[in-house]
Amino acid sequence: MLTPAFELSQDHDFLTVAIRVPHARAAEFDVYFEGVDFKFFAKPYFLRLTLPGRIVENGSEQGSYDADKGIFTIRLPKETPGQHFEGLNMLTALLAPRKSRSAKPLVEEIGASGVSEEGVEEEDEEFDWEIEQTPYKEISESALNSQYHYGFGNLRSGVVQRLQDELSEVIDIKDPDFTPAAERRQKRLAAELAKFDPDHYLADLFDDEAVGQILRYSPWWNGMHVEMMASLGQSQEQGDHVTITSFSKTKVESAWTIRKLSPTLCWFETWTGIHEIVVSFGRRVLCYPLHRHFKLVVKACRDTVRILQLGKSAVLKCLLDIHKIFQENDPAYILNDLYVSDYCVWIQKAKSRKLTDLAEALKEVSLTKAQLDLELEELEAAALLVQEEETARKAAQCGSTQQMPGSSPEPNESDSDGTTSSGTEDSASELEEHAGTQPIPVTSLQGPFLEEGNALLIRNGGVCRNMASQLSHVSEGQPLASPLAPVIEEVGDQLMTTLQVSTPHSATAGSHSGLQDS
């Protein structure tokens, strides 16, 4: 708990307590006063005072809250009007805990108490009002000038330093008050790279039924966009759209998902261009949520374009939805004070032309998997190579098991030249066709499944999670650059020796214009 800054003053009939609680949950607070005791609580702040005179609750007490300054002002009637309270500026004495006015007897008769067990449990769980308090110390102006800024318009500093315990569950960056922007970005990239799970990515890539359901969901802005385009007499592109956080209603994890997908909210990042924003968002979509698929990145960007095209009202609705989600989530509400509330005010004053220009700029952004710097194309190529070799091996095993003992195998034109089944040939030709700069259409290949040892094997578009993370660089004529190269090379050599299947050319990473769906 934090001890807030406070100030006491008095007149003939009232004692006034002014409490400064920036970034507190002002909608939820408690005030208690009786005799010389005064207690105030508004998370994350707690204030307990032992007053030099007695106050009383008689219906004339008053209270107000200044949202701009974050100050509660409470006027408490004196029990004896005209009494002068001494030592109102002695903060340490006012904050000191007051000794209990009643003490437990040194000797108690066992079994004599009439308190039930339920009553004892409730008493044990009662809040400890006598916790130690430390007087609030203002941060000097020189110290504030030496700190780095964040928040809307980079106008805030010193907030996290005081609310570190509360914000540790909300943001990923530690000590942003003393971390420059370049260092924040380096730490964010390193954290994303450590969080990226190749197993999870390949599983969602090849077994994308759940992702498909999300892509088919049509959010509210889709219908509004259709109406707007129809009213303008323009043609409407048909398609379904996606929301990353949830479907029709918010869920308990919505606050976590929103802030995790935003490097601005999670790392207090600042930006100089739209493309770097899209790249950072794409990396986080593939690192943190339950469903991690590149198509979700593309659809989210397209939906953002449509929301911007709808104008300020649509953008404001989205911001207010986020504000409500954060306000109901403890302690994510602090992000409203740092960012969202100011955005809600700004968007109402912004010119519509700015949103139109922003939508056009975002629409022209080109994003490829290679630009995310997660080695996605190399990972997919390695997985497809293993799938192709396993398909060939399964086909060979099927041919040998169908041959009965004592009988000669019937001549087969496709087997006479040492090749495998037609399905294998089709898959191999497809890999050859897309070798070079074109990305492999990873969703077009299907194959059987078999798990042996530690090999990565695939069935019906599903991926065994054993060694996906060990597949990184597989390219003909090039050394394996990954630290796991010996493992991959050994597995490849074993498969090549057993199956005598030549390695097809793997797809190389390249840049492509526009937002790729694959």
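What are the residues whose amide H is under 5 Å from the amide H of Leu163, where those residues sit 5 or more places off or on another chain and H is modelled from the backbone?
none
Add +1 for every Lys or Arg and -1 for every Asp or Glu among the other residues with Cβ under 12 Å from the Cβ of Pro263, and state the total. Present the calculation step by step, with values, prior to reporting the outcome.
On the way: positive: Arg184, Arg185, Lys187, Arg188, Arg259, Lys260, Arg283, Arg284; negative: Asp172, Glu192, Glu269, Glu276.
My count for the surroundings of Pro263 gives +4.
With charges set only on the Cβ (+1 for Lys and Arg, -1 for Asp and Glu), what does the dipole of region 1-57 come to about its Cα centre, in debye to the nearest 20?
Working: 6 positive and 8 negative charges, 65 e Å.
Roughly 320 debye for region 1-57.
Pull up all non-local amide H partners of Val36: gap of 5 or more, or a different chain, and H-to-H distance under 5 Å with H placed in the peptide plane.
Amide H neighbours of Val36: Ile55.
Mind listing the phi-derived Karplus ³J(HN,Hα) values for region 190-204, rounded to whole Hz, using 6.51, -1.76 and 1.60 with θ = phi - 60°, and x for any glycine or proline?
Each residue of region 190-204 in turn: 5, 5, 5, 5, 5, 7, 4, 10, x, 4, 5, 5, 5, 4, 6 Hz.
Return one whole number: the accessible area per residue of region 172-214 in Å², for a 1.4 Å probe. Provide the component values of the computation, followed by the final result.
Numbers: 2000 Å² over 43 residues.
With all protein chains present, region 172-214 gives 47 Å² per residue.
Loop only by DSSP, 16 or fewer other Cβ within 10 Å of the Cβ. Give me the trypsin sites (Lys or Arg not before Pro) in region 249-335 that pass, ordered by residue number. Show your work: numbers first, answer last.
On the way: sites: Lys249, Lys251, Arg259, Lys260, Arg283, Arg284, Arg292, Lys295, Lys299, Arg302, Arg306, Lys312, Lys317, Lys324; in loops: Lys249, Lys251, Arg292.
Answer by residue number: Lys249, Lys251.
Using θ = phi - 60° and the Karplus form 6.51 cos²θ - 1.76 cosθ + 1.60, what ³J(HN,Hα) does each residue of region 36-46 get, whole Hz, x for Gly and Pro?
Values per residue, Gly and Pro as x: 9, 9, 9, 9, 9, 9, 8, 3, x, 9, 9 Hz.
So who's got an amide H within less than 5 Å of the one on Gln10, skipping anything under 5 residues away but keeping other chains? H placed 1.01 Å off N, in plane.
It is Thr16, by chain and number.
What is the distance, in nm, between label points placed 7 Å from the Cα along the Cα-to-Cβ direction at Lys187 and at Gln62?
4.6
As an exercise, use a Förster radius of 30 Å and the Cβ-Cβ distance of Glu169 and Cys318 to find the FRET efficiency, rounded to the nearest 0.05. Don't jump to the answer; show the numbers that get you there.
Values: r = 24 Å, r/R0 = 0.80.
So, using R0 = 30 Å, E works out to roughly 0.80.
The values are calculated or read from the model by the stated rules, or taken from the named source; none is laboratory data. Every value quoted in this text rests on a predicted model; they were computed, and no experiment measured them. Glycine also receives a Cβ, built like all others from the backbone with ideal geometry; neighbour counts cover every protein chain displayed. Ligands, DNA and RNA are excluded from the accessible area calculation, which covers all protein heavy atoms including side chains. Shrake-Rupley method; radii C 1.70, N 1.55, O 1.52, S 1.80 Å.
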